Amino acid sequence: MGAIVIAKDTEFANKVIDVLRTVYDPEIPVDIWELGLIYEVDVNDTKDVSIKMTLTSPSCPAAESMPSEVETKVKELEGVTSSKVEVVFDPTWTQDMMSDVARLELGFM
């Protein structure tokens, strides 16, 4: 499953994704984009960014810090008007959501 990206300005959306690739789950040495923790990125015409993401588990130790780190880093991207992160658990994250890059990095391939 890949993330849904909703944006008219795909170049700008790719910059948002680049920022997401700088956020790492503190327990897994792979960024949250490759881990499949990002479910949706929505960038509207005024560059308000809404992100739906999940965690590897509801009891993830990074439950407090990781969503706020995502929100802050995206907000710091030049041109972003606002940044909002919603944590969801449907669908439940599984290792199948990881990219091949993440699987390779973690030795699953």
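Bear in mind these aren't lab numbers, they're just calculated from the coordinates by the rules spelled out. The shown structure was predicted, so the numbers you read here are calculated from the model rather than taken from an experiment. As a convention, Cβ positions derive from the backbone with ideal geometry for all residues, glycine included, and neighbour counts pool all protein chains shown.
At a glance:
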{"quantity": "Estimated inter-spin distance, THR22 and ILE4, nm [label 7 Å along Cα→Cβ]", "calculated": "2.8"}
{"quantity": "Among beta bridges that DSSP assigns inside segment 2-93, antiparallel share in %, nearest 5", "calculated": "40"}
{"quantity": "Dipole magnitude (debye, nearest 20) for the chain, charges at Cβ of Lys, Arg, Asp, Glu", "calculated": "80"}
{"quantity": "222 nm mean residue ellipticity, helices alone, for the chain (DSSP H n ≥ 4; -39,500 (n - 2.57); rounded to 500)", "calculated": "-8000 deg cm²/dmol"}
{"quantity": "Calculated Rg and Dmax of the Cα atoms in Å (choose from (1) 13.3, 41; (2) 21.6, 78; (3) 13.6, 46), label", "calculated": "(1)"}
{"quantity": "Cα-based helix-to-principal-axis angle, 65-75 vs the chain, degrees rounded to 10", "calculated": "30"}
{"quantity": "The chain: most fluctuating residue of LEU55, LEU35, LEU77 per GNM, C-alpha cutoff 10 Å", "calculated": "LEU77"}
{"quantity": "Percent RCO, i.e. relative contact order, over the chain, from Cα pairs under 8 Å lying at least 6 residues apart", "calculated": "29"}
{"quantity": "Selected from SER59, SER68, SER50 as most flexible by GNM, with the chain as the system and alpha-carbon contacts under 10 Å", "calculated": "SER59"}
{"quantity": "All lysines inside 16 Å of LYS8 as judged from Cα atoms, apart from same-chain residues fewer than 8 positions distant", "calculated": "LYS47"}
